[in-house]
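Structure record follows, encoded as structure tokens.
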Amino acid sequence: MKPKVGFGTLVVTRDTGFTGAACNTLVYIDGKQSAEIGSGETAKFYLPAGERIIGVNSTTLCGGGLKERSFVMDAGATKKYRISIDTSMSMDLSPTAF
């Protein structure tokens, strides 16, 4: 259930594709594990306004390594991030319009 006041929405989507598809991705918000998502999955979080840090890491040895980004969550705003894994198994976390 979406809170009514003082919160924003964070949407995190993992790319689809063959590379890294066998491994899930852990999503961290402010250093706390908040979700585990697979290829093509999306997680949505309602966060209090303020500065936040989002992080992602692979659940196994499928490459990656911890990647973190900071952002400011505004009340009523929506922030979207995309998790991608390239053919060298390097994981990335980037803002997206999609």
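Data for the structure
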item	result
Residue match in segment 52-70 (condition: at pLDDT 95 or above and of a type in the set (Ser, Thr, Tyr))	yes
Residue that is surrounded by the fewest Cβ atoms within 10 Å (Cβ to Cβ), among those in segment 68-98 that are touching an Asp or Glu at 6+ places or on another chain (Cβ under 9 Å) and among the aliphatic types (A, V, I, L, M)	Val72
Residue within segment 17-39 that is under 12 Å from the mean Cα position of the chain (by Cα), among the acidic types (Asp, Glu) and within 19 Å of Thr87 (Cα to Cα) present	no
Segment 42-53 residues that are within 10 Å of Phe7 (Cα to Cα) and surrounded by fewer than 18 Cβ atoms within 10 Å (Cβ to Cβ), paired with ones that are among the charged types (D, E, K, R) and modelled with pLDDT of 95 or more (beta carbon under 7 Å, 6 or more apart)	Ala49/Asp74
Set Asp74, Asp92: member being acidic (Asp, Glu) and modelled with pLDDT under 95	Asp92
Inter-residue pairs, beta-carbon under 8 Å, first acidic (Asp, Glu) and in segment 22-36, second at pLDDT below 95, 6+ apart	Glu36/Asn24; Glu36/Thr25; Glu36/Leu26; Glu36/Thr59
Within segment 60-98, considering residues that are part of a loop (DSSP other than H, G, I, E, B) and of a type in the set (Val, Ile, Thr), the one nearest to Gly17 (Cα to Cα)	Thr87
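The values are calculated or read from the model by the stated rules, or taken from the named source; none is laboratory data. What you see is a predicted model, and the numbers here were worked out from it, not measured in a lab. No Cβ is skipped: glycine too gets one built from the backbone with ideal geometry, and neighbour counts run over all protein chains shown.
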